[in-house]
1. For segment 73-100, name all the residues that are within 16 Å of L116 (Cβ to Cβ) and either of a type in the set (S, T, N, Q) or surrounded by fewer than 17 Cβ atoms within 10 Å (Cβ to Cβ) (or both).
2. If you scan segment 68-123, which residues turn out to be among the β-branched types (V, I, T) and in contact with a Lys or Arg (Cβ under 9 Å, 6 or more places away or on another chain)?
3. When you go through D51, D83 one by one, which is the residue that is assigned by TED's automatic domain parsing to the domain that holds Q14, touching a strand residue (DSSP E or B) at 6+ places or on another chain (Cβ under 8 Å) and modelled with pLDDT of 95 or more?
4. Of all the helices (runs of 4 or more DSSP H) wholly in segment 67-173, which have at least 2 residues that are closer than 25 Å to L207 by Cα?
5. Does segment 1-60 hold any residues that are in a helix (DSSP H, G or I) and among the acidic types (D, E), and which are they?
6. Scan segment 1-41 for residues that are crowded, with 20+ Cβ neighbours inside 10 Å, farther than 19 Å from N168 by Cβ and touching a residue at least 40 places away in the same chain (Cβ under 8 Å) and jot them down.
7. Quick one: is D83 over 20 Å from the mean Cα position of the chain (by Cα) and either in contact (Cβ under 8 Å) with a residue 60 or more places away in the chain or closer than 30 Å to E158 by Cβ (or both)?
Amino acid sequence: MRIAILEDDPHLSQLLQLWIEEPGHTVAAFDRGQALINTLRRESFDLLILDWMVPDLDGEQVLEWVRAHMDWPIPVIFVTQRDEEDDVVRILSKGADDYLVKPVRQRELLARVEALARRSHLQQPKNEHVLSHDPYALDIAAHTVSFRGETVQLTQKEFDLAEFLFRNSGRILSRDHILEHVWGHRAGLNTRTVDTHISRLRSKLHLSAENGWRLTGIYHHGYRLEPVENHPTQ
């Protein structure tokens, strides 16, 4: 997963980053609330970990902005020294998904991250073999996509991109997020790689309103694949 951390204590921020990266997640760390919001305007993440008391915009203000402006209910974990029951209730009522009181324990934090990932459908179910999004079906084991029952010839990267988009349908995904997930951290790649593959995928899969799905570019951000309402597939 791609996770953003808001924590102004540099030592704790580095520690959290090490813990979360150890099982393979990608982390972006911020020490100011406004800096995180500015990044969220152009980048996408799978989960946020927020401290409450940070300079400029605090974690509560960031949470309010996230719930008011983001296009999907991204999971949010609060990690803070504030342990009064009223504080916990207040933040959970404003849309946080979980709440941890400092000092944080590594295994507990990772367990809660994984639990939220499962609840948010960010992890592939182990027994899932086919993703069905009429008129498309993605065979996970065979790495193939069919359109109206006919197999579409895709490269491996095109299939990986299609799977990532369909799993996150309705979400705006930044180009960097797509690069990290589909291509990994490879030197020499830039966002034009994403644009090229998006164009090919849109053409090969006939992603258009008449087929019930729209794949659009979001200015200064990335791409969103979404079902088209009131356009039933034939």
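The values are calculated or read from the model by the stated rules, or taken from the named source; none is laboratory data. The structure displayed is predicted, hence computed values, not measured ones. With ideal geometry, Cβ positions are generated from the backbone for all residues, glycine too; neighbour counts draw on all protein chains shown.
1. Taking segment 73-100 and keeping what is within 16 Å of L116 (Cβ to Cβ), we get 73-79, 91-92, 95-100.
Scanning segment 73-100 gives P73, L92, G95, L100.
2. Filtering segment 68-123 for residues among the β-branched types (V, I, T) gives 74, 76-77, 79-80, 88-89, 91, 101, 104, 113.
I74, V76, I77, V79, T80, V88, I91, V101 - these are the residues of segment 68-123 that are among the β-branched types (V, I, T) and in contact with a Lys or Arg (Cβ under 9 Å, 6 or more places away or on another chain).
3. Numbers: D83 fails: modelled with pLDDT of 95 or more.
Answer to the check: D51.
4. Numbers: elements: 85-93, 106-119, 156-167.
Fully inside segment 67-173 and qualifying: 156-167.
5. Within segment 1-60, the subset in a helix (DSSP H, G or I) is 10-21, 33-40, 59-60.
E21, E60, listed by residue number.
6. Once the filter is applied, which keeps residues that are crowded, with 20+ Cβ neighbours inside 10 Å, farther than 19 Å from N168 by Cβ and touching a residue at least 40 places away in the same chain (Cβ under 8 Å), segment 1-41 yields I5, L6, E7, L16, I20.
7. no
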